[in-house]
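Report on one structure; see the data block that follows.
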There are 2 protein chains.
Amino acid sequence: MYYPAPIAKLIESYMRLPGIGAKTAARLAFFTLDMREEDVNDFAKALISVKRDLHFCAICGNIAESETCTICQDTSRDKSQVLVVEEPKDVISMEKMREYKGQYHVLHGVISPMDGTGPDDINITSLIQRLHNDEIKEVIIATNATTEGEATAMYLSKLIKPAGIKVTRLAHGLSVGSDIEYADEITLLKAVEGRREM
Amino acid sequence: MYYPAPIAKLIESYMRLPGIGAKTAARLAFFTLDMREEDVNDFAKALISVKRDLHFCAICGNIAESETCTICQDTSRDKSQVLVVEEPKDVISMEKMREYKGQYHVLHGVISPMDGTGPDDINITSLIQRLHNDEIKEVIIATNATTEGEATAMYLSKLIKPAGIKVTRLAHGLSVGSDIEYADEITLLKAVEGRREM
């Protein structure tokens, strides 16, 4: 006898989550056994609901509860700026800032030849279409500061600039509250290059 | 706009799990959104099943798919030994060892005055009843090597010994494969005290 079948199945499901190995999955499964039935039912319903009730916005690719997302539906937002991010969660990070009032475009990935992801595998075509139709004046590229994120930013910039649209990239530099002592050389170099007059 | 409602609910559920904070819960929720629908449905079913299909064994308190657990049902196992553990998962750790062939008793907790858990709050009464009725010769106390685990072991020992039943406790000492250099003083003391002739 190892695990009873229902526990074994739950362990298997927990192990599909990122960063959860066999030991943690077993711990979570036994914890679930001790949880209130109500909370476990809510958990199961929330899982189902996330797949059933959420879609990707037909315009920008962000998470949406209807055909288009709340941001694309909001007529008070600036239509002249589009901020391009890798994933829907990046939209939420940006919204938490409470400063940006333009549109978004979610790529759902980055160009990564190593992983076999080319420009056609991510949500670029619909971005280009939006640029043709809309009154967009600036595209702000906010892909991650990784090799793939930079490569994707470069690709998009070369693609969009010829259409006469301004393309910008988020600034690189020191994190607010960080020590220079602990910053890596490349971040420090970018911070010096991007220095601003006081 | 922060999180869409279905995502917010799922984050809340993930946060109820031990060791999962707001950031990890959000990461898991977005990961769930990208999972195959089939896998998410399996996950939800496994959660429900663990609460619906598993009970605690009427004899020993271990996890059981029917009224009694597979170990209590197994007539080939030694009825003269009972190994007492804190939680059902400890039974599984012991069974993985593949050496112990006796019975178990699961306390579902430890005596902990700090947390307000007294002897009546854990599964001790049914253990004493088993000792009266059965042909038990030895009780092996395998509570954790924590303050509460030791206190519970002490309490049980004082309770059971007068009935003329042998009470033993798992050995304390160095973990197999560990360096003496990294062992704490108390473990080292226990290892010296418990030294055996070669």
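The numbers here are math on the coordinates, done by the rules we state, and not lab data. On a predicted model such as this, the values are computed, not experimentally measured, just so you know. Reconstructed Cβ throughout: ideal geometry from the backbone, glycine too, with neighbour counts over all protein chains shown.
Quick rundown of the values:
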{"quantity": "Length-normalised contact order of segment B:62-141 in % [C-alpha pairs under 8 Å, at least 6 apart]", "calculated": "35"}
{"quantity": "Exposure proxy order (Cβ contacts within 10 Å, fewest to most) of A:Thr68, B:Thr125, B:Thr168, A:Thr75", "calculated": "A:Thr75, B:Thr125, B:Thr168, A:Thr68"}
{"quantity": "Extension gain from B:Ser76 to B:Thr147, taking 0.36 nm per residue of separation minus the Cα-Cα distance", "calculated": "22.0 nm"}
{"quantity": "Cβ-Cβ FRET estimate between A:Arg36 and B:Asp120, R0 fixed at 35 Å, reported to 0.05", "calculated": "0.95"}
{"quantity": "Distance histogram in 20 Å bins (all Cα pairs of the protein assembly as shown, percent per bin)", "calculated": "21, 39, 26, 13, 1"}
{"quantity": "Segment B:15-52 versus segment A:1-43: alpha-carbon centroid distance in Å", "calculated": "10"}
{"quantity": "Dipole moment magnitude, nearest 20 debye, segment A:5-51 about Cα centre, only Lys, Arg, Asp, Glu C-beta charged", "calculated": "260"}
{"quantity": "Tail weight of P(r) past 26 Å, computed on alpha-carbon pairs of chain A, percent", "calculated": "51"}
{"quantity": "Other protein chain Cβ atoms within 10 Å, averaged over every residue that makes up A:32-45", "calculated": "6"}
{"quantity": "Charged-residue dipole, Cβ positions (Lys, Arg, Asp, Glu), segment B:1-141 about Cα centre, Debye nearest 20", "calculated": "320"}
{"quantity": "Between segment A:87-131 and segment B:137-186, the alpha-carbon center distance in angstrom", "calculated": "57"}
{"quantity": "Ranked by how many other beta carbons lie within 10 Å on average, peptides B:175-183, A:145-153 from highest", "calculated": "A:145-153, B:175-183"}
{"quantity": "Extension reserve of the A:Tyr182-A:Lys23 stretch, reckoned as 0.36 nm per residue once the Cα distance is removed", "calculated": "53.9 nm"}
{"quantity": "Magnitude of the charge dipole, the protein assembly as shown, Cβ model with Lys/Arg +1 and Asp/Glu -1, debye to 20", "calculated": "220"}
{"quantity": "Charge-dipole axis of chain A as Lys and Arg at +1 and Asp and Glu at -1 on Cβ define it, positive-most pick from A:Leu131, A:Met97, A:Thr117", "calculated": "A:Leu131"}
{"quantity": "Residues whose placed amide H lies under 5 Å from that of A:Cys60, excluding near-sequence neighbours", "calculated": "A:Cys69"}
{"quantity": "Largest-first ellipsoid semi-axes for segment B:1-94, taking √(5λ) over the Cα gyration tensor eigenvalues, angstrom", "calculated": "38, 15, 10"}
{"quantity": "Neighbourhood charge, 13 Å Cβ-Cβ cut-off, centred on B:Met154 and excluding it, Lys, Arg +1 and Asp, Glu -1", "calculated": "+1"}
{"quantity": "Across the identical copies, how the A:Ala151 labels are spaced - nm, sorted shortest first, 7 Å along Cα→Cβ", "calculated": "5.9"}
{"quantity": "Residue pairs, from the table A:Lys23/B:Lys79; B:Lys51/B:Lys137; A:Lys9/B:Lys96; A:Lys89/A:Lys158, whose Cα atoms sit over 24 Å apart", "calculated": "A:Lys23/B:Lys79; B:Lys51/B:Lys137; A:Lys89/A:Lys158"}
{"quantity": "Largest-first principal axis extents, alpha carbons of segment B:5-51, Å", "calculated": "26, 24, 18"}
